[in-house]
Number of protein chains: 2
Amino acid sequence: MINPIGNLNKIFDSRIRLGVMSILMVNEEVSFNDLKQMLELTDGNLASHLSTLEENGYLKVHKGFVGRKTNTTYSITKAGEKAFKGHLAALENMIRSME
Amino acid sequence: MINPIGNLNKIFDSRIRLGVMSILMVNEEVSFNDLKQMLELTDGNLASHLSTLEENGYLKVHKGFVGRKTNTTYSITKAGEKAFKGHLAALENMIRSME
DNA sequence: TTAAAGTACTTTGTAAATCAAAGTTACATA
DNA sequence: TATGTAACTTTGATTTACAAAGTACTTTAA
């Protein structure tokens, strides 16, 4: 039998990174503050998970303004989309063996 | 918006515990060694994850024999089944928002 | 009858991950 | 001038994960 967890992506073991990705799959661009509120996180915690995702090439950052306030938004990359879909497929496979 | 990761079960953040549970959802009883081989783990690592699951009431242990060799098997409890299904439902909910 | 091997752990020690809180930089508004 | 907001980074503590070694018991092979 093949290891049923071997295809799961380690980056997505974290519930927070999983949450960020699932939000960015739906929404083209989401701001730092929106993510923070949706996921109920402290600044530091969110920032560190975002940088993990960014370092892995799963999302990209846009620094802009809303009026005169700084506004950082995040969006998923092609690689991120692929990785996330791959992870979901692996989860599905793992669970499909249940039938 | 409601926190999309709030309903995920922390016990199942671990890929290994997720793997154990998914195996035990299919198979009525699985031995320590079979789990070890299926998940490709060291004894200690598997044992510690199993005891976490046991402490949470998600699986139960049966100590028996095969021939004259000791043989420990594990099976899922009702609570474990419920928790696992709940986790999967939470994952699905989180992802369903993608459509 | 020693020796080697298997089962199912527990213990030990280290490394990695997680997180809150505080500090930081930069601009904005009162 | 002082307070506020955004988006971090740094710090430090706690938790988690893991491999490796050790343990207790039994079995099988030499």
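Taken together, the values in this text are just the output of simple stated rules run on the coordinates, not laboratory data. Since the model is a prediction, treat every value here as computed from it, not as a measurement. Note that we place each Cβ from the backbone using ideal geometry, even for glycine, and neighbour counts take in every protein chain shown.
Odds and ends about this structure:
- Average beta-carbon neighbours from other chains, 10 Å sphere, peptide B:11-22: 4
- Pairs beyond 20 Å (Cα-Cα), from B:K36/B:K69; B:K36/B:K60; A:K36/A:K78; A:K10/A:K85; A:K82/B:K82: A:K36/A:K78; A:K82/B:K82
- Take each residue of peptide A:31-38, count the partner chain Cβ atoms within 10 Å of its Cβ, and average: the result is 1.
- Amide H contacts under 5 Å for B:N71, placed H, 5+ residues apart: B:G64, B:F65, B:V66
- Per-residue HN-Hα couplings for region A:33-40 [Karplus 6.51, -1.76, 1.60; θ = phi - 60°; Hz; x = Gly/Pro]: 5, 5, 4, 4, 6, 4, 9, 6
- Couplings 3J(HN,Hα) for region B:52-59, derived from phi with the Karplus relation 6.51 cos²θ - 1.76 cosθ + 1.60 (θ = phi - 60°), are 4, 5, 5, 4, 8, x, 8, 8 Hz, where x marks Gly and Pro.
- Two-decimal Rg/Rh across chain B, once Rg and the Kirkwood Rh are taken from alpha-carbon atoms: 1.05
- Hydrodynamic radius of the protein assembly as shown by the Kirkwood approach over all distinct alpha-carbon pairs: 18.4 Å.
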